[in-house]
Amino acid sequence: MRIALGSDHGGYHLKQVIKKYLEEQGLAYKDFGTFDAASVDYPEYAYQVAAAVAAGEYERGILCCGTGIGVCIVANKVPGIRAALCHDTFSARAAREHNDANILTLGERVIGPGLAVDIVATWLAAEFAGGRHTRRVEKIKAIESKK
Ligand code: RB5
């Protein structure tokens, strides 16, 4: 699985923790930045990751900012992206099984690194359940195509 990562300064340290976890798991990723804790604008990084996932260059994306909210809003502006802000493992699993979320967003200022890694692991392991959820995701796509 190819994973695209991105953050602003508010999520930079959490992204570093996630990178270490992915490396330990032998999972391939590309970091789209930011590359230090200097203040930047989250739309720049969230858009790069979302565009790469939407283009099919990466199967999944993970975005971090201070709250996880800004990067989630940006990512969901890109057609084909279903980004989910998850700060618990129940939501992370459901985001895959029910919503087929292809981007996970996290807030460094909201949760600790241990829980964040558990959420990432849960989200990466879970698969879309299909069935009735397929119909609902198709309806999301239909709404998106009206843009
Ligand atoms: C940066 O201060 C902060 O606003 C950003 O990381 C994020 O939380 C935005 O949603």
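The values are calculated or read from the model by the stated rules, or taken from the named source; none is laboratory data. Quick caveat, the model's predicted, so the values are computed rather than measured. Here the Cβ positions follow ideal geometry from the backbone for every residue, glycine too, while neighbour counts run over all protein chains shown.
Quick one: residue 31 ticks every box in (1) farther than 15 Å from residue 15 by Cα; (2) surrounded by fewer than 21 Cβ atoms within 10 Å (Cβ to Cβ); (3) within 15 Å of the chain's Cα centre (by Cα) bar one, so which box is it?
(1)
More than 29 Å from residue 138 (Cα to Cα), among the basic types (Lys, Arg) and either in contact (Cβ under 8 Å) with a residue 24 or more places away in the chain or in contact with a helix residue (DSSP H, G or I) (Cβ under 9 Å, 6 or more places away or on another chain) (or both): is that true of residue 15 in this structure?
yes
Is it the case, given these coordinates, that residue 27 is closer than 17 Å to residue 125 by Cα, within 16 Å of the ligand (Cβ to nearest atom) and out of contact with any Pro (no Cβ under 6 Å at 6 or more places or on another chain)?
no
Based on this model, can you work out whether residue 125 counts as more than 16 Å from the ligand (Cβ to nearest atom), within 26 Å of residue 135 (Cα to Cα) and among the small types (Gly, Ala, Ser)?
Spelling it out, residue 125 is indeed more than 16 Å from the ligand (Cβ to nearest atom), within 26 Å of residue 135 (Cα to Cα) and among the small types (Gly, Ala, Ser).
Applying the selection to region 2-33, what residues are within 21 Å of residue 73 (Cβ to Cβ) and part of a helix (DSSP H, G or I)?
If the condition is that a residue be within 21 Å of residue 73 (Cβ to Cβ) and part of a helix (DSSP H, G or I), then 9, 10, 11, 12, 14, 15, 18 are the ones that fit.
Take residue 120 and decide whether it is buried (at least 24 other Cβ atoms within 10 Å of the Cβ), in contact with a Leu (Cβ under 6 Å, 6 or more places away or on another chain) and assigned to a helix (DSSP H, G or I).
no
Take residue 89 and decide whether it is at pLDDT 95 or above, in contact with a helix residue (DSSP H, G or I) (Cβ under 6 Å, 6 or more places away or on another chain) and not aliphatic (A, V, I, L, M).
Yes, satisfied.
Of the numbered conditions (1) out of contact with any strand residue (DSSP E or B) (no Cβ under 7 Å at 6 or more places or on another chain); (2) of a type outside the set (Lys, Arg); (3) surrounded by fewer than 22 Cβ atoms within 10 Å (Cβ to Cβ), residue 74 fails exactly one; give the number of that condition.
With respect to (1) out of contact with any strand residue (DSSP E or B) (no Cβ under 7 Å at 6 or more places or on another chain); (2) of a type outside the set (Lys, Arg); (3) surrounded by fewer than 22 Cβ atoms within 10 Å (Cβ to Cβ), residue 74 is out only on (3).
Whether any residue in region 101-116 is surrounded by fewer than 22 Cβ atoms within 10 Å (Cβ to Cβ) and over 16 Å from residue 15 (Cβ atoms) is what I want to check.
There is no residue in region 101-116 that is surrounded by fewer than 22 Cβ atoms within 10 Å (Cβ to Cβ) and over 16 Å from residue 15 (Cβ atoms).
Provide a single number: the residues in region 36-62 that are surrounded by 13 or more Cβ atoms within 10 Å (Cβ to Cβ), in a loop (DSSP other than H, G, I, E, B) and under 12 Å from the mean Cα position of the chain (by Cα).
1
Would you mind stating whether residue 134 is among the hydroxyl-bearing types (Ser, Thr, Tyr), loosely packed, with under 13 Cβ neighbours inside 10 Å and either at pLDDT 95 or above or at positive phi (or both)?
Yes; evaluated as a whole, the condition is true for this residue.
Out of all the residues in region 72-87, which are near the ligand (Cβ under 8 Å from one of its atoms) and either more than 21 Å from residue 137 (Cα to Cα) or in a loop (DSSP other than H, G, I, E, B) (or both)?
none
Inside region 88-116, can you point out the residues that are assigned to a loop (DSSP other than H, G, I, E, B) and closer than 22 Å to residue 131 by Cβ?
98, 99, 100, 101, 102
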